[in-house]
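Written out below as structure tokens is the structure these notes cover.
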Amino acid sequence: MSKNTALTGGAFLLRNTNISEVFIPEDFTDEDKMILHTVKDFMLQEVHGMGIAKVASLDAEKDKELVLEIFHKAAALGLCGVSIDEKHGGLGLNFNTGLLFTEGLAGGFSFATTIGCQTSIGSLPIAWYGTEAQKAKYLPKIASGEWGCSYCLTEPGAGSDANSGKTRAVMNTEGTHYILNGQKMWITNGGFAEVFTVFAKIDDDEKLSAFIVEKSFGGIELGKEEKKMGIKASSTVMVFFNNVKVPKGNLLGERGKGFNMALNILNSGRIKIAAGGCGGMKFGIEKTVEYAKNRIQFNKPIGDFGAIKQKIGKIASDLFALESGVYSVGEKVDKKHAQLLQSGSSENDAKINAMREFAIECAILKVHGSEMMCNTADEAIQIFGGMGYSMETGVEMAYRDARITKIYEGTNEINRMLALAEFYKRAFATKELNIAAAKQFLPGAIFSNYNPFSAKGELEPEFEFINNLKALFMIITGSAGNKLKSKLVEEQEIVMNLADILAMAFLTESAFLRVKKLAAKPTTDKRELHIKTLMAKMYLYDALDVARKAANNALDSYASGIEKSILKRLTRRMLRTYNINPKDVRRTIADYMIEKGGYFN
Ligand SMILES: Cc1cc2nc3c(=O)[nH]c(=O)nc-3n(C[C@H](O)[C@H](O)[C@H](O)COP(=O)(O)OP(=O)(O)OC[C@H]3O[C@@H](n4cnc5c(N)ncnc54)[C@H](O)[C@@H]3O)c2cc1C
């Protein structure tokens, strides 16, 4: 029987996590934070330094040289090799510190995507799945920035349905090369890449394989730079492969395993979108707070108005929950990697399987990180008023740039469904999750609400709500599954409702475990702890709204009769009103941000 441990992906739902098992952002060492500051400073100097209006007007086609100049400067600082082992010329950062690096990239607008692609989806297929010879040949040049790299999965007819691509590889008669033909679309860094990881089917295979393709092989034609809504300085092109001769040794990983590889690389990309979201939101808070302090209307700084504080308070509490989730999962990936190595896995398998383990959490973080980031950019425009709409301030650029995060690395619809599908797979098919454990957990969660007058310890009501979110997810998932059976997957609206309840359980728990761990640390600053506790509370308040709406939507969509009325009553009871004053809490959080000039460091 599988065990639900702290290092079992999705097990957060079926067990109570101990604070000793969680990593919180406050656990990062000064050395870890150095990488964050290095990349942030780099972006401030090289990108912001050219003037925000100039950055907002950059274009991947006409400013290619300038974009590449910045790319090469970043490479010279080692920033293109953060995820590559030291023996292959990289910095060999662990996964969680790599997330901190990604957070730091966020202030670089389009350049965050350029360097993000080089250090993530562009290079990780080789770093995680390559043979020693492939790594030795490609990684040092990627780490040094000599070779740009890209990830070629999407095709005009194969977007979300990525396995349906038509790009084909056929072995030549001499048996020395695959001949590659096809077309890829939306390829980030494609305009200057020398190395392309291309997903294609060999012969009539049903499943994709992956290949390392060099531009120097010949037969590669690039489309023009796409004209996009945002990330305009980031190169995005179509790539055509016309009888490209790929040496057979450039097959990456096993034949027919390319789709699994593509998905697993996206797991890493997804949590990185959330880490980037943390950086973007911090940047957003800093900029809006500065503006709100200085913009006077009705003889007052606009930051004195409740309507503005409400926005800042919400963004900060969302960020607190997101950040808590991102770095606790990041550290689990590192610990799982170490555990797998210890149990005899190869370096590649340990990296691959450590990442795959947390697919549920990565999908949740991608969805909510991107949505929080987009909301932040939208509200930042609102706080800046007309100036937010002007190219002069950069806020409209942040809004346009943020929007892509809900689309790439799997759309948010696909990721919501994936979180659920992965949960079902792990619970019922592979049995990596022991859902029998939930049986002991559920009655406690339900009955604990029956006595609202019982005395509660510090944060006890909050953890009770978190257990209720978990229990309600299990109850409604079970009931919907019983009623709809295999048709549940076709009822996507219900699946997405369930994914939202699951996400609220995960994010609220992440936020409160952080607060609990901080409270137990003697070195924690008491005032900061107070504000962080308020942020977790504010997030829980909002999360209960989301989960309530999702639960009611799901129940109204499939349930009927007595079952529906029981489950709706249970929802009301388990997700009852959380008694905080949201106005006061958001104001207190906003006042702190305004006083400090931004979020915590
Ligand atoms: C700027 C940019 C950079 C990119 N970079 C890369 C890159 O470097 N490499 C790469 O390979 N790709 C890249 N992409 C492609 C990106 O990953 C895809 O755009 C994305 O996966 C969505 O595919 P699509 O655009 O074909 O949309 P579609 O798949 O056509 O989706 C359209 C809509 O339908 C919904 N939908 C689709 N299928 C389902 C379903 N089964 N159930 C419910 N709803 C569904 C989607 O959620 C979406 O709302 C990039 C895209 C952009 C815009």
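Some notes on this structure:
- If you go through segment 378-389 and keep only what is more than 8 Å from residue 288 (Cβ to Cβ) and either open to solvent by less than 20 Å² (accessible area, probe 1.4 Å) or not in a helix (DSSP H, G or I) (or both), you end up with 385, 388.
- The condition (being closer than 28 Å to residue 337 by Cα, touching a strand residue (DSSP E or B) at 6+ places or on another chain (Cβ under 9 Å) and free of Cβ contacts under 8 Å to residues at least 60 places away in the same chain) is satisfied by just one residue among 123, 83: 123.
- Whether a residue is under 22 Å from residue 123 (Cβ atoms) and among the β-branched types (Val, Ile, Thr) was assessed, and residue 326 passes this test.
- Members of segment 476-491 found to be under 27 Å from the mean Cα position of the chain (by Cα) and open to solvent by 20 Å² or more (accessible area, probe 1.4 Å), listed by number: 489, 490, 491
- The lone exception for residue 396 - which of (1) part of a helix (DSSP H, G or I); (2) within 25 Å of residue 235 (Cα to Cα); (3) within 16 Å of the ligand (Cβ to nearest atom); (4) open to solvent by 10 Å² or more (accessible area, probe 1.4 Å) it fails: (3)
- Segment 236-257 residues that are under 16 Å from residue 216 (Cα atoms) and free of Cβ contacts under 8 Å to residues at least 60 places away in the same chain, paired with ones that are open to solvent by 70 Å² or more (accessible area, probe 1.4 Å) and more than 16 Å from the ligand (Cβ to nearest atom) (beta carbon under 8 Å, 6 or more apart): 240/221
- Pairs, first closer than 21 Å to residue 372 by Cβ in segment 291-314, second buried (at least 17 other Cβ atoms within 10 Å of the Cβ) and of a type in the set (Asp, Glu), C-beta under 6 Å, six or more apart: 311/379
- Selected residue [within 16 Å of residue 330 (Cβ to Cβ), within 23 Å of the chain's Cα centre (by Cα) and more than 16 Å from the ligand (Cβ to nearest atom)] from 99, 79, 105: 99
- Any chance residue 341 is in contact with an Asp or Glu (Cβ under 9 Å, 6 or more places away or on another chain) and of a type outside the set (Ser, Thr, Tyr): yes
- Flag for residue 327 being of a type in the set (Phe, Trp, Tyr) and within 16 Å of the ligand (Cβ to nearest atom): no
- Test: residue in segment 268-278 that is among the β-branched types (Val, Ile, Thr) and open to solvent by 10 Å² or more (accessible area, probe 1.4 Å): yes
- Cβ-Cβ under 6 Å pairs, at least 6 apart or on other chains, segment 535-558 side closer than 12 Å to residue 505 by Cα, far side aliphatic (A, V, I, L, M) and assigned to a helix (DSSP H, G or I): 539/321; 539/511; 543/504; 546/504; 547/469; 547/501; 547/504
- Listed here are the strands (runs of 3 or more DSSP E) enclosed by segment 145-235 that have at least 2 residues being within 16 Å of the ligand (Cβ to nearest atom) and open to solvent by 10 Å² or more (accessible area, probe 1.4 Å): 177-188, 193-202, 220-222.
- Checking residue 494 against (1) of a type in the set (A, V, I, L, M, F, W, C); (2) within 30 Å of residue 592 (Cβ to Cβ); (3) open to solvent by less than 30 Å² (accessible area, probe 1.4 Å), the condition it does not meet: (2)
- In segment 369-377, the condition of being of a type in the set (Ser, Thr, Tyr) and open to solvent by 10 Å² or more (accessible area, probe 1.4 Å) is met by no residue.
Residue by residue, here is whether (1) at pLDDT 95 or above; (2) touching a Gly at 6+ places or on another chain (Cβ under 8 Å) holds:
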position: 69; (1), (2): yes, no
position: 73; (1), (2): yes, no
position: 76; (1), (2): yes, yes
position: 84; (1), (2): yes, yes
position: 89; (1), (2): yes, yes
position: 107; (1), (2): no, yes
position: 115; (1), (2): yes, yes
position: 119; (1), (2): yes, yes
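- Taking first residues from segment 400-423 that are more than 7 Å from the ligand (Cβ to nearest atom) and partners that are open to solvent by 30 Å² or more (accessible area, probe 1.4 Å) and not in a helix (DSSP H, G or I), the Cβ contacts under 6 Å between residues at least 6 apart in sequence or on separate chains come to 400/229.
- Scanning segment 307-331 for residues that are in contact with a Gly (Cβ under 9 Å, 6 or more places away or on another chain) and farther than 22 Å from residue 97 by Cα yields a total of 3.
- Qualifying residue in segment 250-263 (condition: open to solvent by 10 Å² or more (accessible area, probe 1.4 Å), under 30 Å from residue 365 (Cβ atoms), within 16 Å of the ligand (Cβ to nearest atom) and not hydrophobic (A, V, I, L, M, F, W, C)): yes
The values are calculated or read from the model by the stated rules, or taken from the named source; none is laboratory data. Quick caveat, the model's predicted, so the values are computed rather than measured. Heads up, the Cβs are rebuilt from the backbone with ideal geometry, glycines too, and the neighbour counts pull from every protein chain shown. For accessibility, only protein heavy atoms count, side chains too; no ligands or nucleic acids. Shrake-Rupley method; radii C 1.70, N 1.55, O 1.52, S 1.80 Å.
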